[in-house]
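Working notes, beginning with the structure itself.
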Amino acid sequence: MPWKDTATGYGWMSIALHWITAVWITLLLFYGNSIGALLGADRSDAIVRHTSIAITGYVLLWLRVGWRFYFGHPAATQKQRGAAFTLGKWIHLTMLVAVGLMLISGPLMVWSRGDDIVVFDWFVLSTPMATSFALSDFCSRVHTGSALVIFLGILLHLGGVYKHLAFNQDGTFTKILIPSKPSGDDSCSD
Ligand code: HEM
Ligand code: HEM
């Protein structure tokens, strides 16, 4: 079973991580964004929902970021070469850095304002640090900024996918659905 990436394509591990965490990140963006519009108990419930989803997927999300930076981004296939591929690659890496920043800034933001992280009604991660509203405020800005980067990244990402599917038909979409074989990566098409 080709679970590792090849020189120009993705293996099962990357494909599984991409799709599972794509759903997770979309949910986190959606629930995170809803927090700002709420007050009182509704706001507290929304924060618990958001932090619970974040902590449940925490290790998986780090695995996804670590996997890409450890193994590197697959190179372009014969059909993909060009500036658009390089742009796409940098958008991917920027989104992953932003995900890493979300995973650091989220817990620090909660803990440094003196709160505990509640994960459903399963367990609580008590704050291990002294209260610092300056740090909490800084982390909050990083969290909001990184969320915006991910959101814009996803819009560009989906625009790129549409371009590849509708106009280029160069196998880009197939790459993230079917694992590449060590040879013949260039032969797939959408
Ligand atoms: C990839 C992971 C994550 C994504 C995409 C994400 C996304 C978001 C978004 C979009 C917001 C709204 C930002 C705003 O309106 O300023 C938000 C807020 C928040 N996030 Fe996350 N988040 C992630 C991880 C985490 C983690 C790991 C924690 C903590 C365990 C966390 C805790 C919070 C809290 C407490 C808020 C509300 C901030 C407030 O009080 O206004 N997030 N998140
Ligand atoms: C319906 C939704 C999505 C579609 C159709 C889609 C499609 C694709 C495709 C075709 C590629 C391969 C591009 C290439 O390597 O040339 C890819 C890679 C990638 N996608 Fe998505 N994607 C979706 C959602 C997301 C979301 C929500 C994220 C959020 C972070 C994301 C992040 C990435 C990243 C970082 C890569 C680079 C490879 C990797 O590290 O997994 N994608 N996607």
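If neighbour count is taken as other Cβ atoms inside 10 Å, put Thr51, Thr26, Thr6 in order from fewest to most. The partial results should precede the final answer.
Working: Thr51 24, Thr26 13, Thr6 17.
If I rank by nearby Cβ atoms, fewest first, I get Thr26, Thr6, Thr51.
Can you check what the net charge comes to around Phe133, using other residues whose Cβ is under 14 Å from the Cβ of Phe133 (Lys, Arg +1; Asp, Glu -1)? Can you show the working numbers first?
Numbers: positive: Arg113, Arg141; negative: Asp115, Asp137.
Net of charged neighbours comes to 0.
Which order do the peptides 155-161, 95-101 take when ranked by the mean count of other beta-carbon atoms within 10 Å per residue, highest first?
Highest to lowest by the protection proxy: 95-101, 155-161.
Answer with one residue from Leu103, Gly160, Ile150: the one whose Cα lies farthest towards the positive end of the charge dipole of the chain, charges on Cβ with Lys, Arg +1 and Asp, Glu -1.
Gly160
As a test of the formula, what do you get for the chain when each DSSP H run with n ≥ 4 contributes -39,500 (n - 2.57) and the sum is divided by the residue count, at 222 nm and rounded to the nearest 500 deg cm²/dmol? Provide the component values of the computation, followed by the final result.
On the way: 6 runs with 120 residues, N = 190.
After summing the helix terms and dividing by residue count, I get -21500 deg cm²/dmol.
When only DSSP loop residues count, what chymotrypsin sites (Phe, Trp or Tyr not before Pro) in the range 80-157 have their Cβ near at most 16 other Cβ atoms within 10 Å?
Details: sites: Phe85, Trp90, Trp111, Phe120, Trp122, Phe123, Phe133, Phe138, Phe151; in loops: Phe120, Trp122.
Sites meeting the loop and neighbour criteria: Phe120, Trp122.
Just to compare against my own numbers: the Cα pair-distance distribution for the chain, 5 Å bins, whole % per bin, please.
Cα pair-distance distribution for the chain, in percent: 1, 7, 14, 18, 18, 13, 9, 8, 6, 4, 1, 0.
Please give the charge dipole size of the chain, origin at the Cα centre, charges +1 on K and R Cβ atoms and -1 on D and E Cβ atoms. Round to the nearest 20 debye. If you can, show how the numbers build up before the last one.
Numbers: 13 positive and 11 negative charges, 103 e Å.
The calculation lands at about 500 debye.
Each reported figure results from applying straightforward, stated rules to the coordinates on display, with no laboratory input. Everything quoted here is computed from the prediction, not taken from an experiment. Using ideal geometry, Cβ is built from the backbone for each residue, glycine included, and neighbour counts are taken over all protein chains shown.
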